[in-house]
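The values are calculated or read from the model by the stated rules, or taken from the named source; none is laboratory data. Values in this document were obtained by computation on a predicted structure and should not be read as measured data. For neighbour counting, all protein chains shown are included, and Cβ atoms are generated from backbone atoms with ideal geometry for every residue, glycine included. These area figures cover heavy atoms from the full protein model, side chains too; ligands, DNA and RNA do not enter into them. Shrake-Rupley method; radii C 1.70, N 1.55, O 1.52, S 1.80 Å.
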Amino acid sequence: ADVAKLRRQLGNIRIRGKRCPKPITDFSQSGLSSAVLDVLRRAGYEHPTPIQAQGIPCLMSGRDVIGVARTGSGKTLAFLLPVLRHIALQPRAGPGEGPAAVVIAPTRELAIQIYGEAKKFSKAVQMKSVCAYGGSGVKDQIAELKRGADIVICTPGRMIDLLAMNSGRISNLRRVTFVVLDEADRMFDMGFEPQLTRIVENIRPDRQTVMFSATFPAQVEKLARKILQQPLEIMVGGNS
Ligand code: ADP
Ligand code: MG
């Protein structure tokens, strides 16, 4: 019954872009390791939500993606699971090495929320996540980053701070090949567009970049055009 419902919901997704992978109807179809699937099961995530069902295979195909779905629709796992697999395929970060994936979120609260979700999987994929945001000691965050991080979850302002303090190692983004901009509409409303542009300019151009948003106003579409390459656009039910 759940799968039938999911299939109906998948009919309400609008996709723009060529050669979009087919959605999954079960997490086990996504190529995730059994350790990650175990975490999902234990956390009570039985079936993917629509944005996860369509988003996960798209992100895992290596494409740039913009995913639009309302708040509470499960966007975090739609990018976090592909990030986990991406990290699992990279060499582990050594001391002083920068991360392989960066997630940018508009507020400290949202960054902490994503970090909490990421930590559930840390053991399963042996990855080190670091969360960095303004309004708290930058020294501790830098010390943590220096120990080596696979994924950094960060607010735009704090990432700019870290880049400005860059002594060539602490916040180097040389290893970053996967970038997530979460809550793109809110980041735009909060005036973070210049910071986002600066951040991606510091990351190699052959990176995979994905954006998630609850709404898709024209300015966000414009930002997506600037930052993403031949993206797949996934619009879940009623958002435009
Ligand atoms: P969004 O980022 O779209 O606002 P979240 O990723 O924060 O949504 O998820 C909203 C809630 O749904 C969270 O409490 C999360 O734990 C839960 N959730 C996410 N994916 C699933 C799933 N596949 N099955 C059940 N609950 C889920
Ligand atoms: Mg979210």
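Here are some notes:
- The residue that is nearest to CYS154 (Cα to Cα), among those in region 102-137 that are of a type outside the set (Gly, Ala, Ser), open to solvent by 50 Å² or more (accessible area, probe 1.4 Å) and away from ligand 1 (no atom under 13 Å from the Cβ), is ARG108.
- Condition met for LEU163 (away from ligand 2 (no atom under 16 Å from the Cβ), modelled with pLDDT under 95 and in contact with a strand residue (DSSP E or B) (Cβ under 9 Å, 6 or more places away or on another chain)): no
- Restricting attention to region 191-217, the residues that are within 12 Å of PRO106 (Cα to Cα) and touching a Ser or Thr at 6+ places or on another chain (Cβ under 8 Å) add up to 0.
- Wholly enclosed helices (runs of 4 or more DSSP H) of region 22-129 bearing at least 2 residues touching a helix residue (DSSP H, G or I) at 6+ places or on another chain (Cβ under 9 Å) and among the charged types (D, E, K, R): 34-42, 75-88, 108-125
- Within region 1-21, the residues that satisfy the criterion of being more than 21 Å from the chain's Cα centre (by Cα) and outside any helix (DSSP H, G or I) are ALA1, GLY11, ASN12, LYS18, ARG19.
- Hey, VAL236 farther than 22 Å from THR177 by Cβ and buried (at least 21 other Cβ atoms within 10 Å of the Cβ) or not: yes
- When the residues of region 42-61 are filtered to those that are more than 16 Å from THR25 (Cβ to Cβ) and open to solvent by 60 Å² or more (accessible area, probe 1.4 Å), the one that is nearest to ligand 1 (Cβ to nearest atom) is ARG42.
- Residue check for ILE142: within 16 Å of ligand 1 (Cβ to nearest atom), surrounded by 15 or more Cβ atoms within 10 Å (Cβ to Cβ), among the β-branched types (Val, Ile, Thr) and not in a strand (DSSP E or B): no
- Exactly one residue among ASP64, ASP2, ASP38 is open to solvent by 40 Å² or more (accessible area, probe 1.4 Å), among the acidic types (Asp, Glu) and either in contact (Cβ under 8 Å) with a residue 60 or more places away in the chain or within 19 Å of SER129 (Cα to Cα) (or both), and that residue is ASP38.
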